[in-house]
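Working notes for the structure below.
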Amino acid sequence: MLLSKKDTMQIPYLTRRRFLGATVSAFALTIWPVSGASAALAGRPVMLEARPGKANLLETSDAATAIWGYDGRVPGPVLRARQGDEVWVRFTNRLDQPTTIHWHGIRIDNAMDGVAGLTQEAVQPGESFDYRFTVPDAGTYWYHPHNKTWEQMARGLYGVLIVEEKDAPDVDQDIIVVADDWRLGENGAIHEASFGSIGERAHAGRLGNILTINGDPLGAFKVRAGERVRLRLVNSCNARILKLRFEDLEPQVLALDGQPVTPYALKNEIATLGPAQRMDLLIHMTGHPGASQAITEVSQSRLVAARFNYGSQAPLPVTKDTLKLAANGLAVPDMASAKKVDLVMAGGAMGQVDRISHRGKTYSMRELVREHGLVWAFNGVAGMPEKPLFTAKRGETVAVRMVNETRWPHAMHFHGHHFREAHADAPWRDTLLMEAAEERSVYFVADNPGKWMLHCHMLEHQAGGMATWFEVEA
Ligand code: C2O
Ligand code: CU
């Protein structure tokens, strides 16, 4: 079902035609020039362009949808580096809008973080910028713009950055699954009238009506019975909390937001991913030769997102063993001496807020919406403040107590650092999904100097005021 103009304010339903079986997603890989491994390419940048392109987002389509993509496609090229290597991308903006690239989840040199207006000037149309940084942590990361992100990502600007372990684990296949929901109009074009909609900002954000896996409406992966597969899930939706269900399989979680965890079985076979979150799974392909197993998306209704299609080869012997990834060795927070910071999240539809300030002026919610299109606040302030939320000494542990006083879930993302909660098994994350009315405290060692954003990764919420920053002294 496609959305018609007049019901853009309603939550649209995701739709998928029934899977017909033939298509295998052609998801091109760019192999990174890894220094050492391919010395001939070392010391030279990889070229990457943001530019308009076309993508077949509808199963019916002869009519391709006009998108914006890295190198004109969606997702952009997969960038691969080895842990500890330098990544060097010469980025050129071929759009008619300024843009940047943010390397989500990488504990990066601040000058390379790609936040327009905070860590760099936006790259103007026709101009280039060299991103050059080392990647300290192995794992599944991704890249996307950090300027008008709500529009640029919705048009297709995102790609995956994989940092390989020094000793990459032994699996039969390494499969990337980037899930995105698109808001298309009846003509199959990206629904532009809803960009910047206050209704979306104040509610759940821009929810799509079409789901793609790796830019393909018919996600299909060829597997062999008995194989061990590493699946790297990425949620590139503007705002949707994805619930991907692995029917008849027993995936184990290996890593979250790039950082390894002690492996555990996925509960109810469902992987929940807030916007921007990643999850690495290990799956033993226990189906029979010739079988087909669905990955369904069940956040709204149940629809088939992709399929594992088993070849006819004889099964490999199933090994039920697991696989533990080596930790990246993040600095352990010193809870006792932590600098304490409160972050109260307020606003949105049905939120109760009297006064909110923005750029030094105080407004009623109604005025703030009318004059600035803002609807959310952190500690009573809407939008990026001039002063940081806090300043930390380098090496200091920071405890951020986040209190969600809104009626909505939020995906809270910290730049430049991974954090974790206090309980013993708490995973390291760069993006934390918080439910309505929840209170959660996270801890991290502020060991990366610079100016770092902290925002909701539901991009309409970010644009609607849920954005701030902190500073780590040099
Ligand atoms: Cu994935 Cu501030 O971004
Ligand atoms: Cu939010």
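Quick notes on this structure:
- Tensor-based shape of segment 335-472 (alpha-carbon gyration tensor, a/c under 1.5 rounded, otherwise prolate or oblate): prolate
- Rounded to 5, percent antiparallel among DSSP beta bridges of the chain: 70 percent
- Residue list for segment 327-343, given a label point 7 angstrom along the Cα-to-Cβ vector of Glu473 and an amide N cut-off under 14 Å: 339
- Cα gyration tensor shape of the chain, rounded if a/c is under 1.5, else prolate or oblate by comparing a/b with b/c: rounded
- When Ser337, Ser194, Ser236, Ser128 are sorted by how many other C-beta atoms sit within 10 angstrom of their C-beta, beginning with the fewest, the order is Ser337, Ser128, Ser194, Ser236.
- The gain in end-to-end length when the Arg94 to Ala422 segment is fully stretched comes to 113.6 nm, 0.36 nm per residue minus the alpha carbon separation.
- Judged by the ratio a/c of the largest to the smallest principal axis of the C-alpha gyration tensor, segment 167-212 counts as prolate, that ratio being 1.5 or greater while a/b is larger than b/c.
- Cross-link pairs Lys148/Lys339; Lys393/Lys451; Lys166/Lys451 - those with Cα-Cα distance over 21 Å: Lys148/Lys339; Lys166/Lys451
- Local electrostatic count, Val398, Cβ distance below 10 Å [Lys/Arg +1, Asp/Glu -1]: +2
- Label-point separation in nm, Ser292 to Asp167, each point 7 Å along Cα→Cβ: 4.1 nm
- Gap separating the Cα centres of segment 52-81 and segment 379-400, nearest whole Å: 37 Å
- Fewest neighbouring Cβ atoms within 10 Å first, the residues Arg183, Arg82, Arg240 line up as Arg82, Arg183, Arg240.
- Ranking of Arg132, Arg429 by count of other Cβ atoms within 10 Å, fewest first: Arg132, Arg429
- Using the Cβ of Ala436 as centre and a radius below 15 Å, the other residues enclosed give a net charge of -2, where K and R count +1 and D and E count -1.
- Helix-derived mean residue ellipticity, 222 nm - over the chain, DSSP H n ≥ 4, -39500 (n - 2.57), to 500: -1000 deg cm²/dmol
- The stretch between Asp334 and Asn187 holds 47.4 nm of extra length on full extension. This uses 0.36 nm per residue minus the Cα-Cα distance.
Laboratory data are not the source of any read-out in this text; all were calculated from the coordinates shown. Predicted model only: the values in this text are computed from it and were never measured. Here the Cβ is made from the backbone with ideal geometry for all residues, glycine too, and neighbour counts use every protein chain on show.
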